[in-house]
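Notes for the one structure printed next.
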Amino acid sequence: QVQLVESGGGLVQAGGSLRLSCAASGRILSVNAMGWYRQVPGKQRELVASISSSRGNTNYADSAKGRFTISRDSANNTVYLHMNSLKPEDTAAYYCNLNQGRESYWGQGTQVTVSS
């Protein structure tokens, strides 16, 4: 089993910044990619950003491009999401995801609330 623990969420004013962290532990063998998703009540969970383990290739949702940066610390199995120029529409629960082989693991989520 793999455990993911997120941290760094909170309340921030529009235009502010936050950094989310996700630490993976447990039976980590060969990670394909890690990423961040977000979800608001009544809507589907959506990809925010992902990063591959092999080459560090990144992928961003259009809403995140130019404002968010995903990075990783492979030695410590940790992934970060740096969020700048936050907008009220970024308010959501943010979930860390890890893909390993055919398995996909999720963290419990961290709430990000952006006030206008």
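The values are calculated or read from the model by the stated rules, or taken from the named source; none is laboratory data. Note that the structure is a prediction, hence the values are computed from the model and not measured. Don't worry about glycine lacking a Cβ; one is built from the backbone with ideal geometry, like all the others, and counts go over all protein chains shown. The area values use the complete protein model at the heavy-atom level, side chains included, leaving out ligands, DNA and RNA. Shrake-Rupley method; radii C 1.70, N 1.55, O 1.52, S 1.80 Å.
For the reader, a short list of remarks on this structure follows.
- For the stretch 6-16, a residue qualifies if it is surrounded by fewer than 16 Cβ atoms within 10 Å (Cβ to Cβ) and within 11 Å of the chain's Cα centre (by Cα), and exactly one does: S7.
- Lone qualifier among R27, R19 - being free of Cβ contacts under 8 Å to residues at least 40 places away in the same chain, touching a strand residue (DSSP E or B) at 6+ places or on another chain (Cβ under 9 Å) and either surrounded by 14 or more Cβ atoms within 10 Å (Cβ to Cβ) or not aromatic (F, W, Y) (or both): R27
- Residue match in the stretch 82-100 (condition: surrounded by fewer than 16 Cβ atoms within 10 Å (Cβ to Cβ), free of Cβ contacts under 8 Å to residues at least 40 places away in the same chain and over 22 Å from A14 (Cα atoms)): no
- Residue count for the stretch 30-81 under the criterion of being open to solvent by 40 Å² or more (accessible area, probe 1.4 Å) and in contact (Cβ under 8 Å) with a residue 40 or more places away in the chain: the result is 9.
- Test: residue in the stretch 24-44 that is in contact with a Pro (Cβ under 8 Å, 6 or more places away or on another chain) and farther than 21 Å from E103 by Cβ: no
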